[in-house]
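Chemist: Handing you a structure now.
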Amino acid sequence: MLECLKQIEQETLSPLDLLPHADLHEKLVDLVVAGVPDGIPAETALKLQQLKHTLERESVSGLNVVVFGGGTGLSTIVGGDSRSELWGREPFSGLKEVFPETKSIVCITDDGGSTGELLKDLPLIALGDIRHVMLSSIQLSKLQKDYGLTEVSAGKCVEILAAVFNYRFSKRPENSQQLLVDCGLKQQKEIPEHIQSKLERIIHTLYSDSRLNITLDRPHCLGNLILAASIYEKIPNHYSNALLATEPNIIRQNLQRGITSLCKLLGANEQAVIPCTHIPAELSIRYSNGVQVTGEQKSGEARRGYPIETVCINFCNLPEVSDELLGVIKDADVMIMAPGSLYSSLIPIFQVPGIATAVKQNVQALKVLVSNLWVQVGETDLSMSEPDRKFHLSDLLKAYAQNIPGGNRGLFDTVLCLSLKDVPATVIQNYAIEGKNPIYLDREEVRAQGISPLECGIYSFSALREHGVIRHDPRQFALVIRTLWAIANMEKQDNKAKDSDISRSGNAKFLTSMEVSSVRYAKIKEYLSSISINIQEHREDKKRVIRSILQDILWQHKDIPLKHLECIKGIQCITTDDWQRNQNWDKVFSFFDPSDSIVKIRQDKFASKATLEVPFLVALGQALLGNYAQQKRIREVVIDGVSVGKAYHIDLRTATNRTCYFSEVELAEYLSLSRMVADPSNPNHFTRLVNGSEGFTPPGLLMGLTYAWYLDNRFASHVEYKMAVMRIDHSDLIPEQIRMKSRREKLTLFFREVVFSH
C-alpha cells in the first residue's frame with residue numbers, strides 16, 4: 001500500500017489533490033467510505049480505485065479491539081443499537097463484524113430506569129448498559145458455529161432475543177410461565193434449545209430465589225433481571241442481599257462469571273463485555289457556580305445554566321480493576337473511546353484507578369476518540385472557558401484533560417468528528433429547532449492540544465436519505481476504523497511512528513463514602529416507616545402512598561445525607577381551612593415546627609409527587625436549624641420621628657438547650673451568610689436592618705429555599721433569581737455587585753461543604 005501511495009504522490013498533479021479535504025488521513029478515509037468522486041478522468045480514477053482496494057485489503061484478522069463507553073453510543077458502534085426496533089434488520093454489522101475480537105469496557109454509573117429500580121433492591125453495579133452492549137455484541141459466526149444456524153435463522157433468533165431482553169413490565173407478572181408468554185420466549189422454534197432452556201430456567205429463578213423475587217414488584221426491563229439472575233446463580237442462598245452488600249468479594253467473584261456465562265450462551269465473545277469495576281459507584285457533577293449534583297439520571301436532567309466544572313465518582317468501597325480487564329487493555333491493538341455522554345460515559349471509566357494508566361502504557365495501539373454528533377443540553381451546551389458560546393471540540397478535549405488522572409496525553413491520539421459537507425442545510429435546521437447543534441470542530445485548537453482531528457462521514461447515509469436523521473452507522477464506522485488501522489500500519493512501515501510521551505501524574509477524583517444503593521434505599525424505607533404521618537382521613541392506604549412518594553423523593557436526591565432525616569420526627573397534613581400561616585409571598589405552604597419536630601404541610605400539596613416535592617424539601621432544609629431560635633422579633637426603627645425601616649432580631653438558644661444540625665461555629669457562619677449581624681456583646685443575639693417597607697427572606701426560610709434550590713434549581717425560582725448575579729461579569733465600578741456575588745458564592749460553598757458534605 002505504501003508503494004501505491006508513493007507512486008500517486010510523485011505525479012505532478014497527484015490524484016489525491018482531486019479528493020476533498022486537506023489532510024491526507026481525511027482524504028484516504030473519505031476515499032474508502034465515499035468512493036472515488038465522480039467526474040475524475042478514467043486513468044486517475046483507476047489509480048484511486050487501486051489505492052482504495054489496497055486499503056480495504058489490509059489484514060485485520062486477529063486484531064484485539066477494545067472499546068470504552070456506555071449505553072447507546074457504545075452499543076451502536078460495536079454492533080448497532082439493540083434497543084431499536086430497526087436493529088433486527090442488520091444485527092451483525094459494526095466493529096464486531098470487521099474485528100471479531102472486539103471487547104467492550106462499560107461504564108457502571110447509570111442509575112435511571114430499570115437499572116435504578118434494580119439498585120434499590122440488589123447490591124450490584126448498574127447493569128442496563130451491560131445488557132445493552134451484550135446484545136449488540138452477538139456475532140453471526142458464533143451462532144453459526146455453536147448452534148449450527150444459518151444467516152437467516154440467526155437473524156430470527158437475535159430478533160427474538162432482543163424482544164425478550166428488551167421486554168418491559170410495569171406491574172408484577174403473575175408467575176414465571178406467564179412472564180415467558182408475555183416476553184415472547186415461550187416455545188420459540190427459532191431459538192436453539194440450549195438457549196431457550198437456559199433462559200427459561202433463569203426466569204424461573206426470579207420467582208424461586210427470594211433475593212431476586214422482590215425485584216418483580218418494580219417496573220423492569222427483563223434483560224436486566226436475567227443478567228442479575230445469571231450473576232446470582234452461583235451465590236449460595238444463605239447470602240442475603242443485606243449480607244452481600246457487606247461482602248464485595250462475593251459479588252466480585254460472581255459478577256464477571258455471570259456476565260461471561262450469558263455472553264457465551266447468546267453467541268457473543270466470552271470477554272465481549274467487561275464492567276470497568278465491580279464496585280458500585282455513582283456520578284457526582286460540580287457546576288461552575290459551586291453546586292454539586294449526585295446521580296447520573298439527575299445530572300442528565302439538571303438545567304443549571306452553568307458549565308460543568310469537574311466530575312468525580314463516588315464508590316461504596318475502594319474501586320478495584322480486575323487483572324482480566326488490565327490484560328485486555330495491555331493486549332489491545334486498537335482502543336476506541338465511544339461516543340456518548342461526555343461526563344457520564346467515558347470519564348467515570350477513566351477515573352477508576354489503574355485504567356487510564358494502563359491505556360497510556362500501551363504505546364503501540366491505535367487510540368481513537370469518537371466525538372458526539374451533537375451538543376448535549378446540560379452537559380456540552382456551555383463552554384467552561386467561554387460560557388457565552390457553544391461547545392467546541394477543543395472544549396471536549398479540555399474536559400477530559402481536567403477530569404482524567406494525568407490528563408488525556410497518551411489516552412488517544414486521533415479524534416473522529418462529524419463531517420457535514422453532504423448534509424442538507426434543511427436537516428441541520430430541523431435539528432436546531434429541536435435544540436440540537438453539531439459540535440463545532442475548531443481544528444487548530446484541537447491540534448494545539450496534540451490531538452489529530454479527523455473529519456469524516458461516520459453517520460448513516462441511508463438514514464439521512466430515507467428519514468432525514470443523522471446517527472452513527474455501525475458498518476460505516478467499522479470501515480473508518482479499519483482504514484485508520486491500515487494507514488497507521490503504512491506509517492509504521494515508513495518509520496513515521498510518533499514517540500509517545502506519557503504523563504502519569506495526577507490523582508483520580510473519587511470518594512469511597514458512597515453507600516451501596518440498596519442499603520441506602522432500605523434505610524430510607526426504614527426511616528419513613530418509623531416516623532408518624534398524620535392526615536385527616538387516618539387512612540392507612542393514603543399513608544402508604546405518602547410514604548412511597550417521600551421514598552421516591554429521597555431516593556432521587558442522593559445528595560441528601562441520611563443524617564438530615566434525623567431532624568424530622570413526622571409529617572402532618574393541615575387542612576386548607578386550618579392553615580394559619582401567612583405565606584402569600586413564598587407560596588411554599590410548608591414549614592418545620594421546632595416545638596415538636598414535625599413538618600407541617602398544607603393538604604393540597606399531598607396530591608402528587610410533583611406538588612409535594614418542593615414543600616417537603618424546603619421543610620427538610622428548615623429542619624436542619626432545629627429549635628435554634630429562642631425568640632424572633634421585629635422592631636420599628638424611628639429616626640427623628642420618621643419610620644425608616646425595621647430591625648429583625650434573633651435570640652439563639654444556648655448551645656446546651658439547642659437542637660440543631662450545625663455546630664455553634666457553623667450556625668454563626670450561616671446566619672452571617674443570611675445577612676444577620678452578630679452582636680459583639682452577645683454571641684446569641686443577631687440582628688438585621690430592613691429599609692422602609694422592603695421585605696426580606698428570614699434565615700429559616702432562606703435555609704429551606706436554598707436547600708431545595710441546591711438539590712434542583714427549578715424548585716426555588718426566588719433563590720435562582722438571587723444566584724443569577726454569579727453569571728454577570730462584574731465591574732470594578734460597582735463594588736456592591738462584587739460583594740453580592742461573593743456572598744452568593746460563599747453561601748453555595750457553605751451548602752456544598754457543610755450542609756451536603758461534598
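The values are calculated or read from the model by the stated rules, or taken from the named source; none is laboratory data. Remember, it's a predicted structure, so these values are computed and weren't measured experimentally. Positions of Cβ are generated from backbone atoms using ideal geometry, with glycine treated the same way; all protein chains shown enter the neighbour counts.
Chemist: Filter the range 41-66 for residues that are modelled with pLDDT of 85 or more and in a loop (DSSP other than H, G, I, E, B); which is farthest from residue 95 (Cα to Cα)?
Modeler: Looking at the filtered set, the residue picked out is 62.
Chemist: Still on this structure, please answer the following. Name the pairs: first residue in the range 300-320 and under 12 Å from residue 712 (Cα atoms), second residue among the polar types (S, T, N, Q), Cβ to Cβ under 6 Å, at least 6 apart or on different chains?
Modeler: Cβ pairs passing all conditions: 304/713.
Chemist: Is it true that residue 196 is without any contact (Cβ under 8 Å) to a residue 24 or more places away in the chain, more than 25 Å from residue 91 (Cα to Cα) and either among the polar types (S, T, N, Q) or not assigned by TED's automatic domain parsing to the domain that holds residue 143 (or both)?
Modeler: Answer is no for this residue.
Chemist: Now for a separate question. Kindly state which helices (runs of 4 or more DSSP H) lie completely within the range 657-758 and contain at least 3 residues that are modelled with pLDDT under 75 and crowded, with 17+ Cβ neighbours inside 10 Å. I'd like the intermediate steps shown before the answer.
Modeler: On the way: elements: 664-673, 699-711, 717-723, 735-750.
Counting at least 3 such residues, we get 717-723.
Chemist: Show the residue pairs that are 6+ apart or on different chains and have beta-carbon atoms under 7 Å apart, the first residue being within the range 651-680 and free of Cβ contacts under 8 Å to residues at least 60 places away in the same chain, the second being hydroxyl-bearing (Ser, Thr, Tyr) and assigned to a loop (DSSP other than H, G, I, E, B).
Modeler: From residues that are free of Cβ contacts under 8 Å to residues at least 60 places away in the same chain, the pairs are 652/628; 653/628; 658/628; 660/628; 667/628.
Chemist: Inspect the range 250-264 for any residue being within 30 Å of residue 144 (Cα to Cα), in a strand (DSSP E or B) and not polar (S, T, N, Q) and give the result as yes or no.
Modeler: Within the range 250-264 (the criterion being within 30 Å of residue 144 (Cα to Cα), in a strand (DSSP E or B) and not polar (S, T, N, Q)), the answer is no, since none of the residues qualifies.
Chemist: Can you name every residue in the range 95-114 that is surrounded by fewer than 24 Cβ atoms within 10 Å (Cβ to Cβ), farther than 29 Å from residue 484 by Cβ and out of contact with any His (no Cβ under 6 Å at 6 or more places or on another chain)?
Modeler: Once the filter is applied, which keeps residues that are surrounded by fewer than 24 Cβ atoms within 10 Å (Cβ to Cβ), farther than 29 Å from residue 484 by Cβ and out of contact with any His (no Cβ under 6 Å at 6 or more places or on another chain), the range 95-114 yields 112, 113.
Chemist: Let me ask another. Take residue 543 and decide whether it is of a type outside the set (Phe, Trp, Tyr), at pLDDT below 95, at negative phi and in contact with a helix residue (DSSP H, G or I) (Cβ under 8 Å, 6 or more places away or on another chain).
Modeler: Numbers: of a type outside the set (Phe, Trp, Tyr): yes; at pLDDT below 95: yes; at negative phi: yes; in contact with a helix residue (DSSP H, G or I) (Cβ under 8 Å, 6 or more places away or on another chain): no.
Answer is no for this residue.
Chemist: So residue 246 ticks every box in (1) surrounded by fewer than 17 Cβ atoms within 10 Å (Cβ to Cβ); (2) within 17 Å of residue 119 (Cβ to Cβ); (3) in contact with a Gly (Cβ under 6 Å, 6 or more places away or on another chain) but one. Which box is left unticked?
Modeler: (3)
Chemist: Looking only at the range 369-387, decide whether some residue is modelled with pLDDT of 75 or more, out of contact with any Leu (no Cβ under 7 Å at 6 or more places or on another chain) and surrounded by fewer than 22 Cβ atoms within 10 Å (Cβ to Cβ).
Modeler: Checked the range 369-387: no residue is modelled with pLDDT of 75 or more, out of contact with any Leu (no Cβ under 7 Å at 6 or more places or on another chain) and surrounded by fewer than 22 Cβ atoms within 10 Å (Cβ to Cβ).
Chemist: From the residues in the range 234-246 that are part of a loop (DSSP other than H, G, I, E, B) and under 26 Å from the mean Cα position of the chain (by Cα), which one is farthest from residue 147 (Cα to Cα)?
Modeler: So the residue we want is 246.
Chemist: Another question about this same structure. On the given criteria, is residue 257 outside the structural domain of residue 162 (by TED's automatic domain parsing) and not hydrophobic (A, V, I, L, M, F, W, C)?
Modeler: No.
Chemist: Another question, then. May I ask you to verify whether residue 347 is surrounded by 18 or more Cβ atoms within 10 Å (Cβ to Cβ) and free of Cβ contacts under 8 Å to residues at least 60 places away in the same chain?
Modeler: Answer is yes for this residue.
Chemist: Of all residues in the range 526-553, which are touching a residue at least 12 places away in the same chain (Cβ under 8 Å) and aliphatic (A, V, I, L, M)?
Modeler: 528, 531, 533, 535, 546, 549, 550, 553
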